[in-house]
Amino acid sequence: MTTQPGFIIVGGGLAGALAAETLREEGFDGRITLLGEEPHRPYERPPLSKDYLQGKAARDSIFAHPEPWYADHAVELRLGTAVTSLDPALRTVTTATGEQLGYDKLLLTTGSTPRRLNVPGADLDGVHYLRSVDDSERIKAGFDQAHRVAIIGAGWIGLETAAAARNAGVDVTLLERSELPLLHVLGPETAPIFADLHRDHGVDLRSQVAVAELSGRNGAVTGVILSDGSRIEADMVLVGVGITPNTQLAAQAGLDVDNGILVDEHLRSSDVNIFAAGDVANAYNPRLGRHLRVEHWANARRQGAVAGKTMLGQDGIDVRPSYFFTDQYDLSMEYTGDIGPSGYDRVIFRRHADPRELIVFWLHKQRVQAGMNVNIWDVPDDIERLIESARPVNTDDLVDPGIPLESFAQAATT
């Protein structure tokens, strides 16, 4: 057993890498051990369904740090190391090989796992999920061989992989249970933007359908059978039906868990020596007055830094609105904000001369809750300030692209 406990980070993703970086930047000179289950050093996940999947980005570009960074900053990076249990009383974690490591402070950045499709045939060859760089490479190789791909689930992963498949020249059928893609995220007013985008690029989008079975021959997938008995031919199937936070370690150790590991605004768990960040953390947000678990790249970056500072006793905090982005065909979009339980009561479209350029605002009682800029740049900061101000806005002016958006943001901060 290790005789010199220090800080341990369990989970080799972006949040863990940024936490280690922050610890060193803040002057921590103790021992940092980063335990990653994958054989790869920490990397960025957005390229896996975007540029890297399409062959537009080199492999080296996806990593959070160059390979020498860990040794140069005295971060012990142990790859291919799964943690199977933790003991808060003894302050130890145990790996799959039975090794015990002691810690003073522990950060859990265990991420999430794609939900599996629970139908007959789901284990056939040619059925893919996208979470890791290895998954992305297998899917990219599959596009080179496939003629027809069926994608189950029209969320962000489903839409981005559909765009990648079409760019690779593959026929795509996209299957969605709801009436529209992203309906639960964007609402009925805005979701048609993405439905139309994919249909315009040749995707066979089928809404309000349910998958009953995957058919196969000689162990390989050959199609999708829907609940109405109809069949879709496919020699490759991608499944993107959501993710589940990896809370097993925390739950077995007796930490508070509810849709993720429950942590306060400083990312402290119910144990004062254990913290959580990234997909797995359900963090209290004092600006919103509620817990929020966010599954996007920016959240992992921000919370990694916050956790590092809090582990050093600085009470780090981040209450900025959530942020995410997507690139599909010729559409690039950034979304800023959090639609709460009360939802929104109005959607405003700020349309520019080019029909491909617009900003969408979701409001509640004339206060901006979220904004989405499509093919327009350098406005997320202004949208963020509008949201954080929580002040009513003149909606007639907000819809007018002739009035600079920064003027609303400036008024909100004065």
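The values are calculated or read from the model by the stated rules, or taken from the named source; none is laboratory data. Just so it is clear, the model here is predicted, and its values are computed rather than measured. Heads up, the Cβs are rebuilt from the backbone with ideal geometry, glycines too, and the neighbour counts pull from every protein chain shown.
Scanning segment 170-184 for residues that are surrounded by fewer than 19 Cβ atoms within 10 Å (Cβ to Cβ) and in contact (Cβ under 8 Å) with a residue 24 or more places away in the chain yields Asp171, Arg177, Ser178, Glu179. From the list Thr97, Thr2, exactly one residue is farther than 30 Å from Phe325 by Cβ, at pLDDT 95 or above, assigned to a loop (DSSP other than H, G, I, E, B) and not small (Gly, Ala, Ser). Which is it? Residue meeting the stated conditions: Thr97.
One residue stands out among those in segment 235-287 that are surrounded by fewer than 14 Cβ atoms within 10 Å (Cβ to Cβ) and of a type in the set (A, V, I, L, M, F, W, C): the one that is nearest to Ala82 (Cα to Cα), which is Ala251. None of Gln248, Gln208, Gln252 is in contact with a Lys or Arg (Cβ under 8 Å, 6 or more places away or on another chain), at pLDDT 95 or above and of a type in the set (S, T, N, Q) except Gln208.
For beta carbons closer than 8 Å, sequence separation of 6+ or different chains, a first residue in segment 276-292 that is outside any strand (DSSP E or B) and a second that is among the acidic types (Asp, Glu), the qualifying pairs are Asp279/Glu295; Pro286/Glu265; Arg287/Glu388; Leu288/Asp338.
If only residues of segment 7-24 that are closer than 16 Å to Ala74 by Cα, part of a helix (DSSP H, G or I) and of a type outside the set (D, E, K, R) are counted, the one that is farthest from the chain's Cα centre (by Cα) is Leu23.
Scan segment 25-44 for residues that are closer than 17 Å to Arg78 by Cβ, charged (D, E, K, R) and in contact (Cβ under 8 Å) with a residue 40 or more places away in the chain and the total you get is 3. Of the residues making up segment 202-242, just one is farther than 16 Å from Leu174 by Cα, in a strand (DSSP E or B) and among the polar types (S, T, N, Q), namely Ser215. For segment 368-413, the candidate set comprises residues that are within 26 Å of the chain's Cα centre (by Cα) and in a strand (DSSP E or B); within that set, the residue that is surrounded by the most Cβ atoms within 10 Å (Cβ to Cβ) is Val368.
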